[in-house]
Amino acid sequence: MEAKKQNKITLTIILGMACLVLVTVMFMQFKIVNQTDINELEVMREDELRTELASWKAKYTEADAQYQERQQKLEEYNQNEESQEQTEQLVQNELKQVDLILGKTDVEGEGIVIKLQEVSTAEAGITADNLNMIVNTLKEAGAEAISINEERIINMTDIVSVNEGTITRVNQQRILKPYTIKAIGNQNYLEGAILANGGEVDNLEKLGHQISVEKYNKVEIPKYNKEISSKYIK
């Protein structure tokens, strides 16, 4: 960006100097005409005067045309430079939005934090299916970012149970109990969706697990720290 600014300044100076030279030449031409000896003009034949006048007129027209051309190029360059800067800014904004959508940026904002503490005496444990249901509920409630035990949830995230349900993996990483789910979005919408009767949290509480849902003005969710790639899309 610094190099572009320097190039712009350099080109502006060059074009400005060219315009100045052309104007100077034009004034010098007028000065030469004014300083021409009147006696010489008197002895020149009429056709010679017409030829000389036409020559000076042509030179003036050419110089003026070159001056106008330089001015136009300078204006066009300035406009193009502004347009390029605006375009670059738009591109940068778009890239930031893409990074946010892909989860490649640390984010913070208002939202809720759900803590799931599994109780051994409960009728059933907390499984990957339970976590998936909670995540889907948060998405439907308008959550803009979600994490489970600091693992960012994106469209390609897999939440699975392995080893007969004894191990839960998120983004191919094993996560340990208790589970902490963070979500950024409208606090009231998220809380209402999670605490709704018949919802997944309600079902887990009925099974005997300890669940807490807290609203916060600042929830921090880390970025997705793995490479996003596709094997079959080309």
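Structure values in brief
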read-out	value
Residue that is surrounded by the fewest Cβ atoms within 10 Å (Cβ to Cβ), among those in the stretch 170-190 that are among the aliphatic types (A, V, I, L, M) and outside any helix (DSSP H, G or I)	L176
Test: residue in the stretch 75-93 that is touching a helix residue (DSSP H, G or I) at 6+ places or on another chain (Cβ under 7 Å) and either under 30 Å from K206 (Cβ atoms) or modelled with pLDDT under 70 (or both)	yes
Q173 being in the same structural domain as I148 (by TED's automatic domain parsing) and modelled with pLDDT of 95 or more	no
Failed item, numbered, when G208 is tested on (1) within 17 Å of I126 (Cβ to Cβ); (2) touching a residue at least 12 places away in the same chain (Cβ under 8 Å); (3) within 37 Å of the chain's Cα centre (by Cα)	(3)
S120 hydroxyl-bearing (S, T, Y) and touching a strand residue (DSSP E or B) at 6+ places or on another chain (Cβ under 8 Å)	no
Some residue of the stretch 156-167 being modelled with pLDDT under 95, under 27 Å from the mean Cα position of the chain (by Cα) and either not charged (D, E, K, R) or not in a strand (DSSP E or B) (or both)	yes
Identity of the residue in the stretch 116-139, over 19 Å from S161 (Cα atoms) and surrounded by fewer than 18 Cβ atoms within 10 Å (Cβ to Cβ), that ends up modelled with the lowest pLDDT	T121
Count - residues of the stretch 202-219 that are within 15 Å of K115 (Cα to Cα) and surrounded by 13 or more Cβ atoms within 10 Å (Cβ to Cβ)	12
Qualifying residue in the stretch 132-141 (condition: without any contact (Cβ under 8 Å) to a residue 12 or more places away in the chain, part of a helix (DSSP H, G or I) and assigned by TED's automatic domain parsing to the domain that holds E205)	yes
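The values are calculated or read from the model by the stated rules, or taken from the named source; none is laboratory data. Everything quoted here is computed from the prediction, not taken from an experiment. We place every Cβ from the backbone using ideal geometry, glycine too, and count neighbours over all the protein chains shown.
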